[in-house]
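The following block contains the structure, expressed as structure tokens.
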Amino acid sequence: MQNLAAALTARKQDKLYRTRQTLEGPQDVVVRIDGCDYLSFCSNDYLGLASHPEVVAALREGAERFGVGSGAAHLISGHSYAHEALEEELAAFTGRPRALLFSTGYMANLGVVTALTGRGDTVVEDRLNHASLLDAARLSGARLQRYAHNDMQALARKLADGAGQRLVACDAVFSMDGDCAPLPAMQQLAERHDAWLLVDDAHGFGVLGEQGRGWCIDQLGEGAENLVLMATLGKALGTFGAFVAGSEALIETLIQQARTFIYTTAAPPALAWATLTALKLVRQGDGLRERLFANIDYFRKGAGELELPLMESQTAIQPLLAGDASVALAWSDALRRRGLLVTAIRPPTVPQGAARLRVTLSASHSSGQIDRLLTALVDGYRESTHAEA
């Protein structure tokens, strides 16, 4: 039997051990942990909607109208008017014929890939894809082929070598690097090889493109028949869950064959009701997005002037390369002692030697708060690299 305690000890020694922290209040740019306030730069609440009063009021109204739990899976008796209304609004917003709700983005990706591919088929993925896309391919039984990050020549070779039904899956905005996939080129290759194109727009939806419709819609428009759009609701929209948007035939296929949809209890309808309000705020949120991108520009300019090891990204995800996991962890700890939360990202989430701090910015951050972050990053970097040396 595996010695779990020894494995955990080894993980601690390698600076790869993870711990949870318990927030005592709402998700916001300032959070309270163990009685202390921290300035947070590690949330995906990009537009500040997670504790928006209109969204909170809608959740309360939804609970009063629909109760708390859904009671069953969507195909039994758990599919409510709130779910149906949200699916219709998401379809209209993305310009796709239909949308289907899933409990999480992880479950959505697993459901799509396993419903569309199986043994004898080929799934081709970017090496920096989210774990849910990689796990989905492995679970499907299809042959998984991975190509170098954003390398379209490598993708073309993998598609040409593929067998059976082919499916290309990629992040729209890569969650650890903050850069974007070259979707038009990917769409052309997918169409040439009669392949599905599954785009995970978790970190672009609500933020990028006209009205925040996401990187996928911004780059591909409403898309061709082979396009499968997945996006989450717990990041820019500030609530919870995920959806897949696509053709009528695709959504009906997922309802019939996606095990992660069929065999799980529907999310509380009150959450769907709150998400309708969040979606309205996203549609009207040009001012929020302008503030967010002003914050991104402000941070990048400041980090550049201070010669911080900033990676290339024009999105709300702003990674700072530390290299060694112990340096990243020490840097994060140094920031926490200064009252700031910035997560250290270590292997296996990122490759060996590519540990980093993952700074995430929100429309709710002020320039003064970003100045405080920049000062702390410089001091903390010097402290962490000196300690490592």
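Here, each number is a calculation from the coordinates, and none is a lab measurement. The shown structure was predicted, so the numbers you read here are calculated from the model rather than taken from an experiment. Note: ideal-geometry Cβ built from the backbone for every residue, glycine included; neighbour counts use all protein chains shown.
Taking the Cα centre of the stretch 5-150 as origin and charging only Cβ (+1 Lys, Arg; -1 Asp, Glu), how large is the dipole, in debye to the nearest 20?
On the way: 15 positive and 17 negative charges, 183 e Å.
Value, rounded to 20: 880 debye.
Of the candidates Glu88, Glu248, Glu305, which one comes out as most mobile in a Gaussian network treatment of the chain with C-alpha springs shorter than 10 Å?
Taking springs between Cα atoms under 10 Å, the residue moving most is Glu305.
Positive end of the dipole of the chain, charges at C-beta (+1 Lys, Arg; -1 Asp, Glu), about the Cα centre: which of Ala57, Pro348, Val168 has its Cα farthest in that direction?
The one lying farthest along the dipole's positive direction is Pro348.
Among 206-213, 62-69, how do they line up by average Cβ neighbours within 10 Å per residue, starting with the highest?
Numbers: 206-213: 21.9, 62-69: 14.8.
Highest to lowest by the protection proxy: 206-213, 62-69.
Quick one: compute the contact order of the chain, relative version, from alpha carbon pairs under 8 angstrom and 6+ residues apart, as a percent. Write down the numbers at each step before the final one.
On the way: 789 pairs, mean separation 84.4, N = 389.
Taking the mean separation of contacting Cα pairs over the length of the chain, I get 22 percent.
Modelling each spin label as a point 7 Å along the Cα-to-Cβ direction, I'd like the His149/Cys36 distance in nm, to one decimal.
3.2
Turning to a different aspect of this structure: Measure out, as a whole number of angstrom, how far apart the alpha-carbon centroids of the stretch 23-63 and the stretch 292-364 sit.
Each part reduced to its Cα centre gives a spacing of 21 Å.
Any chance you could run the full-extension gain for Ser366 through Glu305? It's 0.36 nm times the residue separation minus the Cα-Cα distance, nm to one decimal.
Values: separation 61, 0.36 × 61 = 21.96 nm, distance 1.90 nm.
Full extension of this stretch gives 20.1 nm more.
Within the set of other residues whose C-beta is less than 14 Å from the C-beta of His83, count the net charge using Lys and Arg as +1 and Asp and Glu as -1. Intermediate results must be reported in sequence, preceding the final value.
Values: positive: Arg65, Arg98; negative: Glu84, Glu87, Glu88, Glu89.
Local net charge: -2.
Counting Lys and Arg as +1 and Asp and Glu as -1, each charge on the Cβ, what is the dipole of the stretch 53-283 about the Cα centre in debye, to the nearest 20? All intermediate terms of the calculation are to be shown ahead of the outcome.
Values: 18 positive and 26 negative charges, 99 e Å.
Computed about the Cα centre, the dipole is about 480 debye.
Can you give the calculated 222 nm mean residue ellipticity of the chain, where each DSSP H run of n ≥ 4 adds -39,500 (n - 2.57) and the sum is split over every residue, rounded to the nearest 500 deg cm²/dmol?
Working: 14 runs with 170 residues, N = 389.
Result for the chain, helices only: -13500 deg cm²/dmol.
Looking at Leu276, Ser132, Leu75, which one has the Cα that reaches farthest to the positive end of the dipole of the chain (charges on Cβ: Lys, Arg +1; Asp, Glu -1)?
Ser132
Check the straight Cα-Cα distances from Lys280 and name the lysines below 22 Å, setting aside those fewer than 8 residues away within the same chain.
Hits, sequence-local ones excluded: Lys235.
Determine the shape class of the stretch 53-283: with a ≥ b ≥ c the square roots of the Cα gyration tensor eigenvalues, call it rounded for a/c under 1.5, and otherwise prolate if a/b is greater than b/c, oblate otherwise. Please list the in-between numbers first.
Numbers: a/c = 2.17, a/b = 1.57, b/c = 1.38.
Taking the square roots of the gyration eigenvalues as a ≥ b ≥ c, the stretch 53-283 is prolate.
Which residue, Thr343, Thr253, Thr277, has the most motion in a Gaussian network model of the chain that connects Cα atoms within less than 10 Å?
Thr253
Follow-up. Can you list the residues, at least 5 places off or on another chain, whose amide H is less than 5 Å from the amide H of Ala73, using H built in the peptide plane?
Gly78, Ala266
About the Cα centre of the chain, what is the dipole size in debye to 20, counting +1 per Lys and Arg Cβ and -1 per Asp and Glu Cβ, all else neutral? Before the final figure, lay out each step's value.
Working: 36 positive and 44 negative charges, 203 e Å.
Approximately 980 debye in magnitude.
A follow-up question, please. Pick from Arg11, Arg119, Arg143 the residue whose mean-square fluctuation is largest in a GNM of the chain, springs joining Cα atoms under 10 Å.
Greatest mean-square fluctuation among the candidates belongs to Arg11.
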